[in-house]
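Taking it in order: structure first as structure tokens, then the write-up.
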Amino acid sequence: MKSPPLSIIVVSVLFIVTGCVGVAYHVQDYFEPRDKLVDLIWVLFLRILAIVCGVLLLLRISWARWLAISWLVYHIIISAFNSTPEMIAHIVLLVIVSVLLFLRVSSAYFRNKAETITRNETR
């Protein structure tokens, strides 16, 4: 298996760490009775989705790039309701992650997996 380029490793680790830190940060919320159980479940889902996204990127799943971008766009929308600096930070992060995920070397990494699968199916 071809090793992932540095750009994919950086983005994958960023998403995995972000998801893990988010889950750890909200641990106390899981044990406190809350009237907003739906909010807690949604937050947990988003944190786990970040972890899954990072893992899928490492596994060369091409559509995971779009999942990562969608995850960041969602956070831009949410941060628009909080503060302008937070929204700007998420926009900058979206631009950086998008560039890293669609660099020539990154695209080749995902394309090579598709070509490998096609070759194996024709045998």
**Study point:** Radius of gyration and maximum dimension Dmax of the chain, Cα, Å
**Key:** 16.8, 57
Study note, to complete from the structure: Length gained if VAL27 through ALA108 is fully extended, taking 0.36 nm per residue and subtracting the Cα-Cα distance, is 25.3 nm
**Study point:** Net length gained if the chain between ILE78 and VAL10 were fully extended (0.36 nm per residue, minus Cα distance)
**Key:** 22.1 nm
**Study point:** Candidates LEU57, LEU37, LEU49: whichever shows maximal mean-square fluctuation once the chain is modelled as a Gaussian network with Cα springs under 10 Å
**Key:** LEU37
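Checking understanding here: applying a Kyte-Doolittle mean of at least 1.0 and a length along the axis of at least 18 Å (C-alpha), which whole DSSP H helices in the chain pass?
On the way: long enough: 6-25 (27 Å, 2.45); 37-58 (32 Å, 2.66); 64-80 (24 Å, 1.34); 84-101 (25 Å, 2.19); 104-122 (27 Å, -1.12).
Those that clear 18 Å and a mean of 1.0 are 6-25, 37-58, 64-80, 84-101.
Relative to the Cα centre, what is the charge dipole magnitude of the chain, using +1 at the beta carbon of each Lys and Arg, -1 at the beta carbon of each Asp and Glu, and rounding to the nearest 20 debye? Intermediate results must be reported in sequence, preceding the final value.
On the way: 11 positive and 7 negative charges, 155 e Å.
The dipole magnitude comes to about 740 debye.
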Revision key, fill the gap. Here Rg/Rh (Cα, Kirkwood) for segment 24-82 equals 1.05
**Study point:** Using a Förster distance of 22 Å, the FRET efficiency for TRP66-LEU40 (Cβ separation, nearest 0.05)
**Key:** 0.25
Review point. Which of TYR109, TYR25, TYR74 moves most in a GNM of the chain, Cα contacts under 10 Å?
Key: TYR25
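Rule-based calculations on the coordinates, nothing more; no lab input. Since this is a predicted model, take the numbers as computed values, not measurements. Backbone-built Cβ (ideal geometry, glycine too); neighbour counts: all protein chains shown.
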